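The next block holds one structure in the form of structure tokens; read it before the comments.
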Amino acid sequence: MLEELKQKVYEANMELPKRNLVTYTWGNVSGIDREKGLFVIKPSGVEYDELKPEDLIVMDLKGNKVEGELNPSSDTETHLVLYNAFPEIGGIVHTHSPFAVSWAQAKRDIPCYGTTHSDYFYGDIPCARNLTAQEIEEAYEKNTGNVIVETFKNRGINPKYIPAVICANHGPFTWGKDASQAVYHSVVLEEVAKMAMYTEQNDIRVMRADQCIQDKHFMRKHGPNAYYGQSKK
């Protein structure tokens, strides 16, 4: 079932250690088939050098395991909430990459200080609030997804324009049109988190990039009149 999607999600998962985004098993990637209403996700706690495409788990959008012998990722409920809340996304990544995690542990948004950031994220990358003790106890992974959705809704953020979030005291989630793009955004997130940290070390009074330059760099890649790259014939 979903063998082509499994292969793509497997390859996306294998990018995480290659890109130095995970240590041991600290991460997962999923991808969804919207027509079938099913998504594929990495099994829980399986080492990357042991992972095979056939090990991946197929889930439905109600949280039922449809196929697979292993337990799905412990973060499956978070992925489930995001797929249901953000119907335009096709893949999700969670890592504990150190620079993004450092901002999450500081409970700070990642500020947009320059054009590298604004090429991919249209504004600060939000830090979702802490879960309450009750939210942690009753349904930790599901409520992690819920606070991400809450953050985007309350701040009026378009998840297509900022395909990333960091969760307080936890770490980053990214997404994209498919699993591969979600990994790409995870790589970029880690780089801009690093750049932002180094920028503040150079000048603690640094100001965010002017909105006009943020607009220019994001829209030339992602806006209605985007012109970056080669036209598709």
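Output the Kirkwood hydrodynamic radius of the chain, Cα pairs only, in Å rounded to one decimal.
18.1
Going through the range 138-181, which chymotrypsin sites (Phe, Trp or Tyr not before Pro) have at most 16 other Cβ atoms within 10 Å and a DSSP loop state?
Of the chymotrypsin sites (Phe, Trp or Tyr not before Pro), the ones in loops of the range 138-181 whose Cβ has at most 16 other Cβ atoms within 10 Å are Tyr161.
Report the net charge of residues surrounding Met195, where surrounding means a beta-carbon distance below 14 angstrom and charges are Lys +1, Arg +1, Asp -1, Glu -1.
Local charge sum for Met195: -4.
Please report the accessible area of Met219 (heavy atoms, 1.4 Å probe, ligands and nucleic acids excluded) in Å², nearest 10.
Looks like 60 Å² after rounding.
Assuming R0 = 22 Å, what is the FRET efficiency of Asp203 and Lys107, from their Cβ-Cβ distance, to the nearest 0.05? Before the final figure, lay out the partial values.
On the way: r = 22 Å, r/R0 = 0.99.
In this case the efficiency is close to 0.50.
Which lysines, if any, have their Cα less than 16 Å from the Cα of Lys221, not counting same-chain residues under 8 positions apart?
Lys160, Lys177, Lys232
Net charge around Asp124, counting only other residues with Cβ within less than 11 Å of its Cβ (Lys, Arg = +1; Asp, Glu = -1)? Display every interim value, and only then the final one.
Numbers: positive: Arg108, Arg155, Arg208; negative: Asp109.
That works out to +2.
Compute the accessible area per residue over the chain, keeping the other protein chains in place, probe 1.4 Å, unit Å².
In whole numbers, the chain has 52 Å² accessible per residue.
Give the percent of DSSP beta bridges with both residues in the chain that are antiparallel, rounded to the nearest 5.
Within the chain, antiparallel bridges account for around 90 percent of the total.
Could you compute how much accessible surface Glu4 exposes when probed at 1.4 Å, giving the result in Å² to the nearest 10?
Its accessible surface works out to 130 Å², give or take rounding.
Under a 1.4 angstrom probe, counting protein chains only, how are Glu69, Glu141 ranked by accessible area, largest first? Don't skip to the answer; put the middle values down first.
Numbers: Glu69 185, Glu141 55 Å².
Largest to smallest exposure gives the sequence Glu69, Glu141.
Whole angstrom only: what separates the Cα centroid of the range 51-127 from the Cα centroid of the range 138-161?
Here the two parts' Cα centres lie 11 Å apart.
If I compute solvent accessible area with a 1.4 Å probe over the protein chains, what percent of it on the range 7-145 is carbon and sulfur?
The nonpolar share, carbon plus sulfur, comes to 46 percent.
What does the accessible area of Ser180 come to, in Å² to the nearest 10, when a probe of 1.4 Å is used?
Ser180 exposes around 80 Å² with every protein chain in place.
How much mean residue ellipticity at 222 nm does the chain get from its helices, if each DSSP H run of length 4 or more adds -39500 (n - 2.57) and you divide by all residues, to the nearest 500 deg cm²/dmol?
Per the formula, -13500 deg cm²/dmol.
With every protein chain kept in the model, how would you rank Tyr10, Tyr228 by accessible area, 1.4 Å probe, largest at the top?
Tyr228, Tyr10
Return a whole-number percent for the relative contact order of the chain, with Cα pairs under 8 Å and 6 or more residues apart as the contact set. The partial results should precede the final answer.
Working: 426 pairs, mean separation 50.2, N = 233.
About 22 percent, as a whole number.
Listed here are the pairs Lys36/Lys107; Lys65/Lys153; Lys52/Lys216; which of them are more than 31 Å apart at the Cα?
Pairs exceeding 31 Å: Lys36/Lys107; Lys52/Lys216.
Over all directions, how big on average is the projection of the convex hull of the alpha-carbon atoms in the range 1-136, in square nanometres?
9.4
Mind checking which helices in the chain clear 27 Å along their axis (Cα) and have mean Kyte-Doolittle hydropathy of 0.0 or more, DSSP H runs only?
Numbers: long enough: 179-202 (35 Å, -0.06).
Helices passing the filter in the chain: none found.
Heavy atoms only, probe 1.4 angstrom, no DNA, RNA or ligands counted: give me Tyr184, Tyr120, Tyr83 ranked by accessible area, highest first.
Working: Tyr184 120, Tyr120 45, Tyr83 0 Å².
So the residues, ranked largest to smallest area, are Tyr184, Tyr120, Tyr83.
The values are calculated or read from the model by the stated rules, or taken from the named source; none is laboratory data. What you see is a predicted model; the values in this text were computed from it and never measured. Heads up, the Cβs are rebuilt from the backbone with ideal geometry, glycines too, and the neighbour counts pull from every protein chain shown. For accessibility, only protein heavy atoms count, side chains too; no ligands or nucleic acids. Shrake-Rupley method; radii C 1.70, N 1.55, O 1.52, S 1.80 Å.
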